[in-house]
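Before any comments, here is the structure.
The values are calculated or read from the model by the stated rules, or taken from the named source; none is laboratory data. This one's a predicted model, so the numbers in the text were calculated from it and none came from an experiment. We place every Cβ from the backbone using ideal geometry, glycine too, and count neighbours over all the protein chains shown. In case anyone asks, the SASA skips ligands and DNA or RNA and just uses the protein heavy atoms, side chains included. Shrake-Rupley method; radii C 1.70, N 1.55, O 1.52, S 1.80 Å.
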Amino acid sequence: LTQPVTPDLLVSPSSQDGDLGSDCPEDRGNWTGRLDFLLSCIGYCVGLGNVWRFPYRAYTNGGGAFLVPYFIMLAICGIPIFFMELSLGQFSSLGPLAVWKISPLFKGVGMGTILIVSLVAIYYNMIIAYVLFYLFASLTSDLPWQHCGNWWNTELCLDHHVIKAGNNTIPVNISNTVSPSEEYWSRYVLHIQGSSGIGDPGRIRWNLCLCLLLSWTIVYLCILKGVKSSGKVVYFTATFPYLILVMLLIRGVTLEGAWKGIQFYLTPQFDHLLSSKVWIEAALQIFYSLGVGFGGLLTFASYNTFHQNIYRDTFIVTLGNAITSILAGFAIFSVLGYMSQELGVPVNQVAKAGPGLAFVVYPQAMTMLPLSPFWSFLFFFMLLTLGLDSQFAFMETIVTAVTDEFPYYLRPKKASFSAVICIALFLMGLILTTEGGMYWLVLLDDYSAGFGLMVVVITTCLVVTRVYGMKRFCRDIQMMLGFKPGPYFRACWMVLSPATMMALLVYNIVKYQPSEYGNYRFPTWAEVLGILMGVLSCLMIPMGMVVAVLQEEGTLWEVGVQQASRPAMDWGPSLEENRTGVYVASLAGSQSPKPLMVHMRKYGGITSYENTAIEVDREMEEDDDEESM
């Protein structure tokens with residue numbers, strides 16, 4: 001008997017090899033399991049900022065009352081923009097550069113994103129190097145920052161054990177003293193006394209240089225095979241920090257004086273809610289904690305299957321991130337409460353944010369506990385795992401963006417290309433390992449992802465809703481998920497989210513303050529350099545516009561701008577069987593007039609997603625009829 005022959009019209013190019021089961025572009029790679037994506041997003045969002053920024057921001061902006069603006073801002077601009085990024089990535093299966101086929105005129109937004117992420121990746125890995133340094137230093141029976149009397153200590157150094165052993169008979173003035181942990185950080189780890197400022201970097205600290213090399217090596221080995229390797233590593237790096245956080249929390253709340261710190265952290269001061277600064281701080285915390293605008297979410301979603309339920313994943317990740325921040329506050333402030341009681345000073349005198357908390361205050365608190373090296377090792381191991389999966393996302397974003405632009409040349413050599421990127425960023429980060437490296441790190445931290453990142457997010461939001469069109473974007477989501485986003489998401493995308501971002505941008509410009517580190521004020525040329533970092537990412541947008549218009553033929557406005565702002569011919573789902581309606585037969589070499597027929601062959605019937613496709617097609621035809629009338 002002869003085998004039945006399927007007419008060419010019913011076969012898509014992706015199914016001609018007989019494999020109709022694939023739902024992802026194989027040459028690009030994809031997640032090997034659904035949990036890979038979810039854990040990668042959790043690991044990316046839950047980072048160092050949850051531990052060292054949120055608790056401090058909460059207590060300085062009204063304590064428990066801060067949670068009110070925090071969750072309101074999460075609802076207004078956190079969840080909607082998060083969902084928008086995931087939708088763009090999953091629908092197109094493209095990275096942060098190639099995704100701008102949605103409107104080639106604005107491809108500069110993707111270029112600005114890559115510039116921002118590259119600068120952040122340079123200094124973020126230096127923070128991981130500091131964590132590695134402290135991790136190795138904790139492998140001892142006596143922590144090196146526990147006592148004074150070392151070669152790096154000065155006469156101002158005062159050990160807390162001296163205060164405790166004084167039996168309060170002799171009053172000790174601690175206002176002009178320095179803790180051993182602070183001198184260990186500044187005079188031994190950084191050796192900052194060897195630099196007079198940002199213009200005098202001094203010598204390379206080779207122990208820091210080796211830690212930086214090790215951190216880049218770890219990152220490279222974990223992203224070596226793209227999401228196939230990093231997607232497995234996050235099973236550990238995204239979950240293990242929670243185990244350590246719970247251990248630190250249990251240990252913290254059982255310490256004497258712990259409730260004093262927790263009370264300080266959560267006591268609501270509702271009068272703060274009348275201040276605009278508190279609402280801006282809440283929005284900033286949401287904005288940076290969720291990692292919107294960096295391209296990481298879009299990149300991760302681009303490796304999903306077309307019908308992955310990102311609507312559910314959005315709420316799991318965003319709410320999980322918020323709860324983690326609150327839990328971290330309990331773990332941190334319970335220990336700070338104990339520390340303030342031991343030192344006999346108010347909690348607000350020991351509470352700090354950023355590196356000051358991670359590398360000075362908390363290590364000092366660890367020295368007051370029994371088995372201090374064990375708790376110190378756990379704390380820094382938690383910071384290491386928190387930092388690494390965020391760094392995986394930054395690197396995957398850069399590599400994916402460039403390889404999607406040059407798939408024929410770079411995808412077969414993705415491992416080698418990743419190595420080149422890691423080596424280049426390591427070499428650029430060498431200045432951070434010098435004696436004055438902390439000044440450069442502060443400059444990068446203050447300016448690399450400041451107003452430039454906000455401009456990128458605002459532009460993305462406006463292009464998707466105004467240029468591409470809200471109705472079209474909602475239909476795209478309906479093709480993927482089987483339902484359209486509700487009024488809540490549409491209202492946020494159209495008005496509330498961009499308006500909030502605009503307010504943040506204006507606030508940042510109006511309330512601009514020059515960078516400083518301790519008592520050191522940065523010179524004017526350093527401020528200008530920092531501002532240029534932010535401006536350059538914004539300038540990528542008009543530069544990209546000029547390039548896009550010049551590539552079009554015809555007059556500037558009638559053909560150039562209008563044509564460049566429309567979606568590219570091949571914009572849409574990456575697999576032909578997922579292309580319906582306006583996306584039918586728009587792939588190069590496409591033969592199938594209705595990919596729905598391919599689905600019917602594959603499944604033996606029409607699934608709920610095909611029903612959705614039919615509805616979308618019918619709506620589009622009705623709209624076309626209305627426009628023609």
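Out of M494, M454, which single residue is in a helix (DSSP H, G or I), in contact (Cβ under 8 Å) with a residue 60 or more places away in the chain and surrounded by 15 or more Cβ atoms within 10 Å (Cβ to Cβ)? Full working, then the answer.
On the way: M494 fails: in contact (Cβ under 8 Å) with a residue 60 or more places away in the chain.
From the options M494, M454, the qualifying one is M454.
Would you mind telling me which numbered condition in (1) within 23 Å of the chain's Cα centre (by Cα); (2) open to solvent by 60 Å² or more (accessible area, probe 1.4 Å) I250 fails?
Only one criterion in (1) within 23 Å of the chain's Cα centre (by Cα); (2) open to solvent by 60 Å² or more (accessible area, probe 1.4 Å) is unmet by I250, namely (1).
Is at least one residue of the range 551-568 modelled with pLDDT of 80 or more, loosely packed, with under 11 Cβ neighbours inside 10 Å and more than 29 Å from the chain's Cα centre (by Cα)?
Scanning the range 551-568, I find no residue that is modelled with pLDDT of 80 or more, loosely packed, with under 11 Cβ neighbours inside 10 Å and more than 29 Å from the chain's Cα centre (by Cα), so the answer is no.
Given the conditions (1) without any contact (Cβ under 8 Å) to a residue 24 or more places away in the chain; (2) buried (at least 22 other Cβ atoms within 10 Å of the Cβ); (3) among the polar types (S, T, N, Q), which single one is not true for T367?
(1)
Would you mind finding the one in S230, S195, S186 that is in contact with a helix residue (DSSP H, G or I) (Cβ under 6 Å, 6 or more places away or on another chain), under 16 Å from G437 (Cα atoms) and among the hydroxyl-bearing types (S, T, Y)?
None of the other options fit; the residue is S186.
Going by what's in this entry, would V546 be described as open to solvent by less than 90 Å² (accessible area, probe 1.4 Å), free of Cβ contacts under 8 Å to residues at least 12 places away in the same chain and within 30 Å of A564 (Cβ to Cβ)?
Numbers: open to solvent by less than 90 Å² (accessible area, probe 1.4 Å): yes; free of Cβ contacts under 8 Å to residues at least 12 places away in the same chain: yes; within 30 Å of A564 (Cβ to Cβ): yes.
Yes; evaluated as a whole, the condition is true for this residue.
Show the residue pairs that are 6+ apart or on different chains and have beta-carbon atoms under 6 Å apart, the first residue being within the range 242-258 and within 15 Å of M382 (Cα to Cα), the second being surrounded by 16 or more Cβ atoms within 10 Å (Cβ to Cβ) and of a type in the set (G, A, S).
The qualifying pairs are L245/A331; L248/A331; L249/A331.
Only one of (1) within 18 Å of the chain's Cα centre (by Cα); (2) open to solvent by 20 Å² or more (accessible area, probe 1.4 Å); (3) over 21 Å from A548 (Cβ atoms) fails for I76. Which number is that?
So I76 meets the others, but not (1).
Determine which single condition A98 fails, assuming it passes every other condition in (1) within 18 Å of the chain's Cα centre (by Cα); (2) open to solvent by less than 10 Å² (accessible area, probe 1.4 Å); (3) hydrophobic (A, V, I, L, M, F, W, C).
It fails just one condition, (1).
If V350 satisfies every condition in (1) touching a residue at least 40 places away in the same chain (Cβ under 8 Å); (2) farther than 27 Å from I223 by Cβ but one, which is the exception?
Only one criterion in (1) touching a residue at least 40 places away in the same chain (Cβ under 8 Å); (2) farther than 27 Å from I223 by Cβ is unmet by V350, namely (1).
Got a sec? Which of A393, A449 is part of a helix (DSSP H, G or I) and more than 21 Å from P201 (Cα to Cα)?
A393
I need the full set of residues from the range 348-368 which are assigned to a helix (DSSP H, G or I) and within 22 Å of Y517 (Cα to Cα), in order please.
N348, Q349, P355, G356, L357, A358, F359, V360, V361, Y362, P363, Q364
Examine the range 216-236 for a residue that is closer than 17 Å to V131 by Cα and loosely packed, with under 15 Cβ neighbours inside 10 Å, and state whether such a residue exists.
Yes, because at least one residue in the range 216-236 is closer than 17 Å to V131 by Cα and loosely packed, with under 15 Cβ neighbours inside 10 Å.
Can you tell me which residue is farthest from A401 (Cα to Cα) among those in the range 290-313 that are among the polar types (S, T, N, Q) and surrounded by 24 or more Cβ atoms within 10 Å (Cβ to Cβ)?
My answer is N304.
Scan the range 427-439 residue by residue and report those that are in a helix (DSSP H, G or I) and crowded, with 20+ Cβ neighbours inside 10 Å. Before you say what the answer is, go through the steps one by one.
Here is the first cut: in the range 427-439, the ones in a helix (DSSP H, G or I) are 427-433, 437-439.
The answer is G429, L432, T433, G437, M438, Y439.
Which condition number does V455 fail, the rest of (1) touching an Asp or Glu at 6+ places or on another chain (Cβ under 9 Å); (2) under 20 Å from F287 (Cβ atoms) being met?
Checking V455 against (1) touching an Asp or Glu at 6+ places or on another chain (Cβ under 9 Å); (2) under 20 Å from F287 (Cβ atoms), the one that fails is (1).
Go through (1) under 18 Å from T113 (Cα atoms); (2) over 15 Å from the mean Cα position of the chain (by Cα) for F380 and report which single condition fails.
Among (1) under 18 Å from T113 (Cα atoms); (2) over 15 Å from the mean Cα position of the chain (by Cα), the lone unmet condition for F380 is (1).
Take the range 418-459 and flag every residue that is of a type in the set (D, E) and under 18 Å from the mean Cα position of the chain (by Cα).
The answer is D445, D446.
Please go through the range 198-215 and give me each residue that is surrounded by 15 or more Cβ atoms within 10 Å (Cβ to Cβ) and in contact with a Gly (Cβ under 8 Å, 6 or more places away or on another chain), ordered by number.
I198, P201, G202, R205, L208, L212 - these are the residues of the range 198-215 that are surrounded by 15 or more Cβ atoms within 10 Å (Cβ to Cβ) and in contact with a Gly (Cβ under 8 Å, 6 or more places away or on another chain).
One line per residue, one yes/no per condition, for (1) modelled with pLDDT under 85; (2) open to solvent by less than 40 Å² (accessible area, probe 1.4 Å); (3) not in a loop (DSSP other than H, G, I, E, B):
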residue	(1), (2), (3)
C148	no, no, no
W152	no, yes, no
E155	no, no, no
I170	yes, no, no
N173	yes, no, no
N176	yes, no, no
W185	no, yes, yes
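With respect to G329, determine if the residue is small (G, A, S), under 26 Å from I122 (Cβ atoms) and touching a residue at least 24 places away in the same chain (Cβ under 8 Å).
no
I'd like the full set of residues that are surrounded by fewer than 24 Cβ atoms within 10 Å (Cβ to Cβ) and not aliphatic (A, V, I, L, M), limited to the range 109-123.
S118, Y123, listed by residue number.
Looking at the range 91-122 only, could you name the residues that are under 21 Å from M494 (Cβ atoms) and either of a type in the set (D, E) or assigned to a helix (DSSP H, G or I) (or both)? Before you say what the answer is, go through the steps one by one.
We begin by selecting, within the range 91-122, every residue under 21 Å from M494 (Cβ atoms); these are 91, 99-100, 102-103, 105-106, 109.
Selection gives F91, V99, W100, I102, L105, F106, V109.
Could you list, in sequence order, all residues of the range 217-235 that are at pLDDT 95 or above and closer than 20 Å to V46 by Cα?
Those that are at pLDDT 95 or above and closer than 20 Å to V46 by Cα: I218, V219.
When the range 460-480 is examined, which residues are found to be under 14 Å from R579 (Cα atoms) and hydrophobic (A, V, I, L, M, F, W, C)?
I477, M479, M480
Looking at F417, F394, can you tell me which residue is touching a residue at least 12 places away in the same chain (Cβ under 8 Å) and open to solvent by 30 Å² or more (accessible area, probe 1.4 Å)?
Answer to the selection: F417.
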